[in-house]
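Report on the following structure.
The values are calculated or read from the model by the stated rules, or taken from the named source; none is laboratory data. What you see is a predicted model; the values in this text were computed from it and never measured. Neighbour counts run over all protein chains shown; Cβ positions are idealised from the backbone, glycine included. To get the accessible areas, we keep the full protein, side chains included, count just its heavy atoms, and leave off ligands, DNA and RNA. Shrake-Rupley method; radii C 1.70, N 1.55, O 1.52, S 1.80 Å.
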Amino acid sequence: MNPPPRPQGRRPEAPKRSANHSSPLLRRVRNAGLGQIGRALLVLPALLGIPLALRLQGYGRTQSLLATTSPRAASAGPSATLTAAGRQRAEAWALAIAQVARNLPHRPTCLPRSLTLWWVLRYLHLAPALRIGVRPPRSNGKPAIGDHQASEASTRLPSAFIAHAWIEVDGQPIGESSDVAQRYAPFEGSISDLFDAHP
């Protein structure tokens, strides 16, 4: 006696991947439980590569590369507003970047550190803005105590003016003192002109 025929059913379909699935890096960056060691390991390649890219390609091309390798920043609106939780996470990444930078043989200056933070915060779906401020030297030619350790962290221009780069989200400095915009007058022109002309 022949066995009964098997029912001709449709094979179960493989689960489809969502069109807006997150990349592994995006999932790691947005992981709220990621500790400082994990953050440090993620920002280390950027802190090593961005200074080299700035030296070889200039600011404009480096910033464009970072933009194309990170999610689009949040547009203006409620989603771009910096919440208390968002600020806490942003400050944690800023701290990780500062800690890693301090322990590198060639310490990155404020610009590559700021670009690293700018790149990371886009993964958090924030709207980071790179700010550049300038100030003239003191009358004795030395930075004043408390001026964000200008001798180490800032970029000296040929005119002896001192430029400093930092990141703001929703108008609030991240990883900086709240008066940084008062100590460094924000530069309103083209950032590429400021840095690419003086590598």
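Search segment 40-60 for residues that are over 14 Å from PRO108 (Cα atoms) and pair each with any residue that is among the acidic types (Asp, Glu) and buried (at least 16 other Cβ atoms within 10 Å of the Cβ) when their beta-carbon atoms are under 9 Å apart and the residues are at least 6 apart or on different chains. From residues that are over 14 Å from PRO108 (Cα atoms), the pairs are GLY58/ASP196; TYR59/ASP196; GLY60/ASP196. Taking segment 125-137 as the range and being under 10 Å from the mean Cα position of the chain (by Cα) and open to solvent by less than 30 Å² (accessible area, probe 1.4 Å) as the test, the residues that pass are PRO128, LEU130. Annotation for segment 79-89: no member residue is under 11 Å from the mean Cα position of the chain (by Cα), modelled with pLDDT under 95 and not polar (S, T, N, Q).
Table: residues versus (1) at pLDDT below 90; (2) within 30 Å of GLY171 (Cβ to Cβ); (3) small (Gly, Ala, Ser).
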site: LYS16; (1), (2), (3): yes, no, no
site: ARG28; (1), (2), (3): yes, yes, no
site: GLY35; (1), (2), (3): yes, yes, yes
site: LEU52; (1), (2), (3): no, no, no
site: LEU56; (1), (2), (3): no, no, no
site: THR62; (1), (2), (3): no, yes, no
site: LEU65; (1), (2), (3): no, yes, no
site: ALA92; (1), (2), (3): no, yes, yes
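Only one of the listed residues (LEU82, LEU121) is touching a residue at least 12 places away in the same chain (Cβ under 8 Å), under 16 Å from GLN172 (Cβ atoms) and open to solvent by less than 10 Å² (accessible area, probe 1.4 Å). That residue is LEU121. Considering only residues in segment 153-199 that are open to solvent by 50 Å² or more (accessible area, probe 1.4 Å) and touching a Gly at 6+ places or on another chain (Cβ under 6 Å), the one that is modelled with the highest pLDDT turns out to be ALA185.
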